[in-house]
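Asks: Got a structure for you, written out below as structure tokens; questions coming shortly.
The values are calculated or read from the model by the stated rules, or taken from the named source; none is laboratory data. Owing to the predicted nature of the structure, the values given are computational and were not obtained by experimental measurement. As a convention, Cβ positions derive from the backbone with ideal geometry for all residues, glycine included, and neighbour counts pool all protein chains shown. Heavy atoms of the whole protein, side chains included, go into the accessibility calculation; ligands, DNA and RNA do not. Shrake-Rupley method; radii C 1.70, N 1.55, O 1.52, S 1.80 Å.
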Amino acid sequence: MSSSFAPLPAWLRDAVAYEIYPQSFCDSNGDGIGDLPGAISKLDYVKELGADLIWLNPCFDSPFRDAGYDVRDYYQVAERYGTNEDLVRFFEEAHARGIRVLLDLVPGHTSDEHPWFKASGQHEPNPYTDWFIWNDSVWAYPEPPLRSIAGHAERDACYVTNFFHFQPALNFGFAHPDPSQPWQQPIDAPGPKAVRAEMRKVMEFWLEKGCDGFRVDMADSLVKGLGKEAAMRDLWGEMRTWMDEAYPEAVLLAEWSDPKSSIPSGFHLDFLIHFHSSAYTSLLRKPDGFGMGANKYAASFFDRSGRGSIREFLDVYEEAMEITNGLGYICLPSGNHDIAPRLAHNRTQADLEVVFAFLLTAPGIPFIYYGDEIGMPGVPGLPSKEGGYVRTQIRTPMQWDGSEKAGFSTADPEQFYLPLEPAGDRPNAADQQADPASLRSFVKEMIAFRREHPALLADGGYTTLHAADNHLPFVYQRSHEGKSMIIAVNPADRPAEVTLSADALQGNNGTLLKGRGKLKPNADTLVLSLPPVSFGIWS
Ligand code: GLC
Ligand code: CA
């Protein structure tokens with residue numbers, strides 16, 4: 001597909017990303033909350049794992065009612081994390097190690113404590129009056145699907161919220177304002193134009209300080225109303241065109257979960273996660289996923305029961321790959337700060353190795369959520385912290401070593417941001433780094449293996465060789481310049497076998513490079529077999 005945007009920055013091709021949740025990563029000053037100097041002290045760890053791209057969750061001034069996704073000042077690092085200078089040092093120290101950094105941009109809403117919003121809620125018109133979406137009477141709520149709050153401010157109007165009630169939606173306008181609702185403004189009205197310009201200023205501010213791009217929170221949430229898709233395409237297209245020109249090495253990563261929309265709109269990358277389709281949850285998180293989709297299959301594909309469907313994932317993934325081919329990459333995360341439970345919940349190391357074998361040989365850019373590389377299962381059942389609710393269980397402190405405080409902080413564990421996993425058998429990074437048979441060693445090895453084989457990189461070719469519900473294994477091919485590899489995964493606790501066409505080898509000799517299993521030529525077919533809970537990679 002052709003596009004009007006500049007080609008993808010070359011560095012993306014072999015990127016492997018790591019998500020750092022700053023409050024839970026490493027505490028340097030003993031207050032029990034992770035911070036930037038702490039994260040800097042762990043950059044060597046990230047590098048040693050082999051990741052070269054970090055997504056840092058919001059670290060800006062905030063009342064932290066949604067863990068920082070309620071921004072009070074886009075230009076100021078939150079005191080609990082350090083200073084703006086610490087963040088610049090984080091960029092510099094990361095760059096010195098060949099690691100790039102994406103900040104988390106929350107353009108759709110602010111905190112209700114943001115001075116722009118406070119000004120906007122005043123009776124007297126002022127420069128911020130139209131920066132948020134207000135109707136014209138506290139007695140009439142805007143129509144669903146808009147959600148709104150009445151009686152909050154002096155202004156005689158309801159404001160539209162984007163997520164929780166304290167996250168008022170910034171006004172990017174309505175694609176087709178309803179003439180009977182004169183408070184709905186078009187996207188080129190002065191308010192929406194000023195908001196758009198301000199967001200670009202925020203991006204410029206941090207790009208100038210050295211960040212390498214942004215993960216964009218709720219990227220499809222900005223323009224409101226029917227027909228918003230075309231308007232969103234224009235908005236992000238404009239941002240991308242500006243970035244292509246001014247910061248050609250920087251990238252935009254969407255939290256949109258619909259790559260066929262986001263990438264043609266201008267994003268370099270989009271996550272395929274739990275919004276818009278059941279593809280991701282069907283792969284990794286059923287049945288206790290994040291409330292997504294029809295529960296057609298009782299289990300996820302990566303489940304020992306073997307009852308999951310690979311087609312539920314592939315139907316969405318293959319279409320998205322076709323539409324985005326050459327324009328951008330689809331990112332499959334091991335998890336993130338929103339997806340509960342954690343990947344390791346109810347999975348053994350062997351199960352997790354099969355999952356990582358897939359994630360690290362799939363096209364696009366793999367994202368590893370901190371702690372998933374050591375199989376942290378999380379702490380289910382915790383009371384909600386900072387608007388986490390069910391997500392709280394997946395946000396507990398990184399477990400660095402086997403000591404009482406897990407090397408996270410010197411504070412009294414009672415003061416920790418969230419409790420550690422129960423002592424005893426909780427996994428930790430130091431032990432696993434020292435153990436060649438650990439999950440972390442496996443993940444590290446697979447990342448290195450990916451980088452050694454161009455066919456496995458973000459832009460390597462992908463073809464499904466065998467993917468049928470009720471018939472494992474799932475087999476696919478990756479390729480680059482005429483060289484190809486066959487990858488097969490069997491998450492079930494019984495052996496799996498499939499007969500492929502001999503063409504699948506494409507001139508390769510069928511050498512097993514990683515994992516287990518057999519590939520036996522048989523006349524003009526190939527018989528591929530895998531033991532229970534295993535994978536194989538052949539060239
Ligand atoms: C995104 C974030 C999530 C946050 C929400 C509102 O989905 O990832 O953590 O609560 O947006 O900003
Ligand atoms: Ca701290």
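Asks: With respect to residue 111, determine if the residue is away from ligand 2 (no atom under 16 Å from the Cβ), in a loop (DSSP other than H, G, I, E, B) and buried (at least 21 other Cβ atoms within 10 Å of the Cβ).
Replies: yes
Asks: Of all residues in region 86-108, count the ones that are part of a helix (DSSP H, G or I) and either surrounded by 24 or more Cβ atoms within 10 Å (Cβ to Cβ) or within 16 Å of ligand 2 (Cβ to nearest atom) (or both).
Replies: 5
Asks: Give me the pairs, please: first residue somewhere in region 44-58 and under 12 Å from residue 429 (Cβ atoms), second residue anywhere and open to solvent by 10 Å² or more (accessible area, probe 1.4 Å) and at pLDDT 95 or above, beta-carbon distance under 6 Å, and either six or more positions apart or on two chains.
Replies: Here the result reads 49/444, each pair linking region 44-58 to a residue that is open to solvent by 10 Å² or more (accessible area, probe 1.4 Å) and at pLDDT 95 or above.
Asks: While we're here: Considering only residues that are loosely packed, with under 13 Cβ neighbours inside 10 Å, polar (S, T, N, Q) and over 35 Å from the mean Cα position of the chain (by Cα), look in region 500-525 and name the one that is modelled with the highest pLDDT.
Replies: Among residues in region 500-525 that are loosely packed, with under 13 Cβ neighbours inside 10 Å, polar (S, T, N, Q) and over 35 Å from the mean Cα position of the chain (by Cα), the one modelled with the highest pLDDT is 501.
Asks: So, in region 187-206, how many residues would count as being farther than 13 Å from residue 242 by Cα and open to solvent by less than 10 Å² (accessible area, probe 1.4 Å)?
Replies: Counting residues in region 187-206 that are farther than 13 Å from residue 242 by Cα and open to solvent by less than 10 Å² (accessible area, probe 1.4 Å) gives 5.
Asks: If you don't mind, there's one more thing I want to ask. Out of everything in region 77-101 that is touching a residue at least 40 places away in the same chain (Cβ under 8 Å) and touching a Cys at 6+ places or on another chain (Cβ under 7 Å), what residue ends up being farthest from ligand 1 (Cβ to nearest atom)?
Replies: Looking at the filtered set, the residue picked out is 91.
Asks: Quick check on my filter: what residues within region 155-165 are more than 11 Å from ligand 1 (Cβ to nearest atom) and under 14 Å from residue 66 (Cα atoms)?
Replies: 165
Asks: Could you identify the single residue in 50, 32, 68 that is at positive phi and touching a Phe, Trp or Tyr at 6+ places or on another chain (Cβ under 6 Å)?
Replies: 32
Asks: Something else about it: Take the residues of region 273-319 that are of a type in the set (Asp, Glu) and out of contact with any helix residue (DSSP H, G or I) (no Cβ under 6 Å at 6 or more places or on another chain): which is modelled with the lowest pLDDT?
Replies: 288
Asks: If you don't mind, another one. Which ones in region 348-396 are under 17 Å from residue 18 (Cβ atoms) and among the small types (Gly, Ala, Ser)?
Replies: 362, 364, 371, 375
Asks: Looking at this structure, is residue 353 of a type outside the set (A, V, I, L, M, F, W, C), touching a helix residue (DSSP H, G or I) at 6+ places or on another chain (Cβ under 6 Å), open to solvent by 10 Å² or more (accessible area, probe 1.4 Å) and not in a loop (DSSP other than H, G, I, E, B)?
Replies: yes
Asks: Report whether or not residue 51 is aliphatic (A, V, I, L, M) and more than 20 Å from residue 399 (Cβ to Cβ).
Replies: Here the answer is no, as residue 51 does not meet what is asked.
Yes or no, residue by residue, for (1) over 30 Å from residue 45 (Cα atoms); (2) modelled with pLDDT of 95 or more; (3) crowded, with 23+ Cβ neighbours inside 10 Å:
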| site | (1), (2), (3) |
| --- | --- |
| 321 | yes, yes, no |
| 334 | no, yes, yes |
| 345 | no, no, no |
| 373 | no, yes, yes |
| 380 | no, no, no |
| 383 | yes, yes, no |
| 389 | no, yes, no |
| 400 | no, yes, no |
| 410 | no, yes, no |
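Asks: Of the numbered conditions (1) open to solvent by less than 10 Å² (accessible area, probe 1.4 Å); (2) outside any helix (DSSP H, G or I), residue 240 fails exactly one; give the number of that condition.
Replies: (2)
Asks: Can you report the number of residues in region 323-332 which are open to solvent by less than 10 Å² (accessible area, probe 1.4 Å) and among the small types (Gly, Ala, Ser)?
Replies: Residues flagged as open to solvent by less than 10 Å² (accessible area, probe 1.4 Å) and among the small types (Gly, Ala, Ser) within region 323-332 amount to 1.
Asks: Could you tell me which residue of region 109-129 is nearest to the chain's Cα centre (by Cα), considering only residues that are under 21 Å from residue 218 (Cβ atoms) and more than 16 Å from ligand 1 (Cβ to nearest atom)?
Replies: 116
Asks: Also, quick follow-up: Quick one: is residue 476 in contact with a helix residue (DSSP H, G or I) (Cβ under 7 Å, 6 or more places away or on another chain) and among the aromatic types (Phe, Trp, Tyr)?
Replies: no
Asks: Could you list, in sequence order, all residues of region 159-210 that are among the aliphatic types (A, V, I, L, M) and over 27 Å from the mean Cα position of the chain (by Cα)?
Replies: Selection gives 175, 187, 189, 194.
Asks: Something else now. Of all residues in region 114-152, how many are assigned to a helix (DSSP H, G or I) and either within 17 Å of residue 197 (Cβ to Cβ) or open to solvent by less than 30 Å² (accessible area, probe 1.4 Å) (or both)?
Replies: 4
Asks: If you don't mind, another one. From the list 313, 275, which residue is of a type in the set (Phe, Trp, Tyr) and open to solvent by less than 30 Å² (accessible area, probe 1.4 Å)?
Replies: Among 313, 275, only 313 is of a type in the set (Phe, Trp, Tyr) and open to solvent by less than 30 Å² (accessible area, probe 1.4 Å).
Asks: Something else now. Between a residue in region 224-245 that is over 18 Å from residue 197 (Cβ atoms) and any residue that is buried (at least 20 other Cβ atoms within 10 Å of the Cβ) and of a type in the set (S, T, N, Q), which pairs come within a Cβ distance under 6 Å, given they are 6 or more apart or on different chains?
Replies: 233/265
Asks: Looking only at region 143-157, count every residue that is hydrophobic (A, V, I, L, M, F, W, C) and under 15 Å from residue 109 (Cα atoms) and tell me the total.
Replies: Of the residues in region 143-157, 2 are hydrophobic (A, V, I, L, M, F, W, C) and under 15 Å from residue 109 (Cα atoms).
Asks: Restricting the first residue to region 385-414 and requiring it to be outside any loop (DSSP other than H, G, I, E, B), which pairs with a second residue that is charged (D, E, K, R) and within 14 Å of ligand 1 (Cβ to nearest atom) meet a Cβ separation below 7 Å and a spacing of at least six or different chains?
Replies: 391/338; 392/385
Asks: Can you tell me which residue is nearest to ligand 1 (Cβ to nearest atom) among those in region 204-233 that are in a helix (DSSP H, G or I) and either closer than 17 Å to residue 269 by Cα or of a type in the set (Ser, Thr, Tyr) (or both)?
Replies: 232
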